[in-house]
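Worksheet for the structure shown next.
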Ligand SMILES: [Zn+2]
Ligand SMILES: [Zn+2]
């Protein structure tokens, strides 16, 4: 009797295992079938951001990353990240806030703010990214010619926005800073660095990006 019970028990375990395996196969097949689906990025405006720059960034990112890009709901100005003495905003705190939204259905998120950003180690940053959480943020403040007391140039402003957006999103793919000063992954210390490097990946970073994207499929 006892051995029969044990035997039944084994059968039950076997049945459960078979079911689990079958389920697993089903999930995997399903996943494989979805690999051709386009990835989706979400742009989150933080504070009032001009719609023209949002739309331009959306279209450019769609082309450059071959993804769909949606504009998410606007967040309030990031008062929680403000540093009274520096008169700047902590980019890490903004990244955390975006992540806490727990937005689902997006592969990557890019916040756009129009306040000056810093991290404790640097006097200012053009943007920031959290590689693991796949969340990034850029600031428009230092991308305008007006910030440097020069005549505004909307085409240059739009181009700089793309450079910084591609750079921060590049980090979310696991790309590090590149030594090539003509590569978008070069670390900009000045706006001249940004203008000089442009929005394209060097061939080395391009290869790494292709590998990462293939792995993520
Ligand atoms: Zn960087
Ligand atoms: Zn590079």
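Scanning segment 129-142 for residues being surrounded by fewer than 22 Cβ atoms within 10 Å (Cβ to Cβ) and either out of contact with any strand residue (DSSP E or B) (no Cβ under 8 Å at 6 or more places or on another chain) or not in a loop (DSSP other than H, G, I, E, B) (or both) gives a total of 6.
Under the condition of being away from ligand 1 (no atom under 14 Å from the Cβ) and either in contact (Cβ under 8 Å) with a residue 24 or more places away in the chain or under 15 Å from the mean Cα position of the chain (by Cα) (or both), the residues counted in segment 158-201 number 8. Could you list, in sequence order, the residues of segment 202-217 that are touching a residue at least 12 places away in the same chain (Cβ under 8 Å) and more than 18 Å from residue 107 (Cβ to Cβ)? Residues satisfying the conditions are 202, 204, 205. Filtered by the rule that a residue be away from ligand 1 (no atom under 15 Å from the Cβ), in a helix (DSSP H, G or I) and surrounded by 14 or more Cβ atoms within 10 Å (Cβ to Cβ), segment 94-113 gives 94, 96, 97, 98, 99. Among the candidates 116, 153, the residue that is at pLDDT 95 or above, under 20 Å from residue 93 (Cβ atoms), more than 14 Å from ligand 1 (Cβ to nearest atom) and over 18 Å from the mean Cα position of the chain (by Cα) is uniquely 116. Which residue is surrounded by the fewest Cβ atoms within 10 Å (Cβ to Cβ), if the candidates are limited to segment 150-175 and must be assigned to a loop (DSSP other than H, G, I, E, B) and touching a helix residue (DSSP H, G or I) at 6+ places or on another chain (Cβ under 9 Å)? Out of the qualifying residues, it is 151.
The values are calculated or read from the model by the stated rules, or taken from the named source; none is laboratory data. Note that this is a predicted model, so its numbers are computed, not measured. As a convention, Cβ positions derive from the backbone with ideal geometry for all residues, glycine included, and neighbour counts pool all protein chains shown.
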